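Derivation of every value follows stated rules applied to the coordinates shown; laboratory data play no part. A quick note: this is a predicted structure, and the numbers were derived from the prediction, not measured. All Cβ positions, glycine included, derive from the backbone under ideal geometry; neighbour counts span all protein chains shown.
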Amino acid sequence: MKKETKKSKEDKIEGEGNSMKNENQDSPESVIESAEENDLVNDSGDQKTDSKNEESTGKTEAVENDIKAVDYGKFSVDELVSTLSILIAGRPVHEIRNDVDHIKTFFYKKLRIESETLRKKFIDDGGVAEDFKPEPDPREEDFKGLLNKYKSRKYEHNKQLELEKQTNLEEKYKIIEGLKGLINKEESINKTFQEFWEYQNKWRSIGLVPQSKLKDLWENYHYHVEKFYDFIKINKELRDLDLRKNMEAKMLLCEKTETLLLKDDSVSNFRVLQKYHGQWREIGPVHIDIKEQLWERFKIATAKINKKHQQYYEDLKSTLKKNLEAKTELCEKVEKMLEEETPDHKIWVRKSKEVIDIQKTWKTIGFAPKKFNNQIYERFRKACDGFFSQKRDFYAENKELQKNNLQLKMDLCIQAEGIQGSEEWKKTTEELILLQKKWKEIGPIPKKYSEKVWRRFRTACDNFFNKKSEYYSTIDQKYDLNLVAKNELIEKIDKHQFGEDVKKSFEDLKDFQKQWSEIGFVPIKKKEEISQRYRKSIDKLFDRLEVDDEKKSVLRYKNKLEGLKSVSRGKDKLEGEREKFVSRLKQLESDIILWENNIGFFAKSKNADSMIKEVSQKIDQAKENLRVLEKKIRMIDDLNL
C-alpha cells in the first residue's frame, strides 16, 4: 500500500506542479502558519475583489490577454461612439472596462480639439475669444447615454457576482465537509488520495468568496487538509521533497517582493503584492526550521510596501486638499471682480488679462478631492462666465464710446501721415512712438472699422521707419569718410608751426577747432581713440603757444568745450563741470576774505612782513584763479549744446 501511495503522490507532484496536496505535514504548527499568513494577507488587502476589480479572476485575465489592444486614438468621434455602442451590446461588462476608459478619454479629447478648432476659426473670422460659446454636441448626449447604460449593466454584473461569491462559499464549505469524511475511510489509499486531489482541484476551480468569510474559510480548509495528511502519514522522502520545493517557491516570492521595493510605483506594487500573497497561500508548508525565517522575511517586505502605499495615498490626499484650497482662492478672486464696479475700457482690459491669467493658473493646478472636484469647477466656470457676460454688457452699452474712439484713432492716422515723410529721424521717431502709445490707450472701436483703421495707421508708421532704416544703412560709409578727414586734420595739427604773430596763432587754433567740429561722426569703435589723439595734438600746440598761463588755460578749456559738442550726454557733463566751478569759486572768495582779514592781525606780530608777503601772494594767486573760473563759467553759459 505504501508503494502505491508513493507512486501516486509523485505522479501528482509532477502533474500539478507541487500543489497543496501535502500542505500541512508539520503537525499543528502548520495551522498557525496558515493563520498568520491569512492575517497578513487580510491586513494588506488581499482578495478585495468586489465590483471594482472582479477582472482579477483567472477567467477574466485570460479573456483580456486574448484580446488585442486597439488604438482608439486613430478613431474619429463618431467611430468612438459607434464602437462603444457595439462593445456594450456585444461584450460582457467585465471584459470591456479598459476599452471604455480609453474610448472615454479619446472621445472628450477629440471633442476639445474640435471645440478649439471652432474657437480659432471664430477668432480668425473677427470674433472676440470671450464671445465664443460652442453649440451642444448631440454626439456627447448619445455618448453619455451609452456610459449610463454601461454603468447600469456593470451594477447588475457586480450584483450577480456577489451572489456567485455566496454560492462559491457554500460550495467550498461542502468541500471541507468532504475532506472531513476522508479521514478513517476504510478503502484503498490510492482511491482516497484520488478523492482528496479531486477536492483540491474543485477547490481551486471555484471562484471568489465574500471577503468577510475568507480568513475563516482558509483556516478551516487548512486545518482539515492537515488532519488528512496526519491520517495518511505520507512517507518522509516525499514529504521532504515537497517541503523543499515549497521552500524554493517561497524564497522566490520573497525575492520578487523585495524587488518591488526598488520600484517607485506604489499603487502597482501594492496590486502585485496581493497576487504574491495569493501564491504564498497556495504553495503550502515548508520545514519547521526555516518556516519562521521565511515568513518573517516576506512579512517585512510586505510591511514596507504597505507603508509606501499608505504614504502615497496620504500624500495624494494632502495634494488634493492643497489643490482645492488653491482653486477656491482663484474662484474668490474672480468673484471679487464681479462685485467691483468697472466703469471704463482700461479697467476692463486690465481685469480681462487678470482673469485670463487666472484661467491659465487654474489649468496648472491638479485635481481637487473627488467629492469637491466638479463642485469647485462649476463654481469657477460660473464666476468666469459671469465676468465675461458683464464685459459684453458693458461694451454693448458703450457704442457711443466706440464711435468716439474711432474718431480719435482717425486723428492719430492723420498725424502719422503728416510726419511720415520727415527726415528729422530722432524727433519724428519720438513723435511716432508717442502716437503709438496714445493708440494703445484708446479703447475699442466698431469691429467693421478696426482692421482698416489699424492698417492705415500702421502703413504711415512703416513708411517713416523704412526710410529711416534705409538712411542709417548708408551712414557707416559716411562715418568712415569722417574718420579719414579727422586723421588728416590731426596730421596737419602735428605739423603746424606758429609764427611770431600771437593773434594769428590764436586764429589758427580756433580754425583747427572749427574744422574738427564741422567734421561729422566717426565709427563708434574709433571714437575714443581719435578723440584722444586730437586732444594730445591740440595740447602740444597749446604748449608751444607763447602766451601767459591764464589765457592758455582759458583757450585749452574752450577747446575742451568744443569737443564736448560731439560727445553723448555732453550737456549733462557741462552742467556737472559748471557746478564744480561754482563751488570752487565760492570757496576761493571765502578764502580771500579770510586771508585779507588775517593781514590785519599780522601787523601786530613779530615777523609780520614775511607773513604778510606770503598771504598776499596767496590772495593774488586766488584772485587769478577766480578770474579763470569766472571765464570758464561764462564760456559754459555761452555754449549752446
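Tabulated data for the structure shown
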quantity	calculated
Region 254-346: trypsin sites (Lys or Arg not before Pro) falling in loop per DSSP and having at most 14 other Cβ within 10 Å	Lys263
Using distinct alpha-carbon pairs, which all enter the 1/r mean, Kirkwood radius of region 162-310 in Å	17.4
Dimensionless Rg ratio for region 266-409, taking C-alpha atoms and the 2.2 N^0.38 Å reference	1.96
Inter-centroid distance (Cα atoms) of region 286-362 relative to region 88-137, Å	26
Cα lying deepest toward the dipole's positive end in region 51-184, options Ile88, Pro138, Thr105, charges on Cβ	Ile88
Size of charge dipole - region 400-472 - debye, nearest 20, with Cβ of Lys, Arg +1 and Asp, Glu -1, no other charges	340
GluC sites (Glu not before Pro) restricted to DSSP loop in region 383-457 with at most 10 other C-beta within 10 Å	Glu397, Glu423, Glu424
Charge context of Tyr108, other residues only, Cβ under 13 angstrom, K/R +1, D/E -1	+1
³J(HN,Hα), Karplus 6.51/-1.76/1.60, whole Hz, each residue of region 138-144, x for Gly, Pro	x, 5, 5, 5, 4, 5, 4
Candidates per trypsin sites (Lys or Arg not before Pro) in region 111-197, loop by DSSP, up to 12 other Cβ within 10 Å	Lys185
Region 51-184: relative contact order as a whole-number percent, Cα under 8 Å and 6+ apart	31
Cα shape, region 400-472, gyration tensor, a/c 1.5 rule	prolate
Highest to lowest packing among 579-591, 625-637, scored as the average C-beta count within 10 Å	625-637, 579-591
Prolate/oblate/rounded call for region 315-397, Cα gyration tensor, a/c under 1.5 rounded	prolate
Sorted by Cβ neighbour density within 10 Å, fewest at the top, the residues Thr257, Thr192	Thr192, Thr257
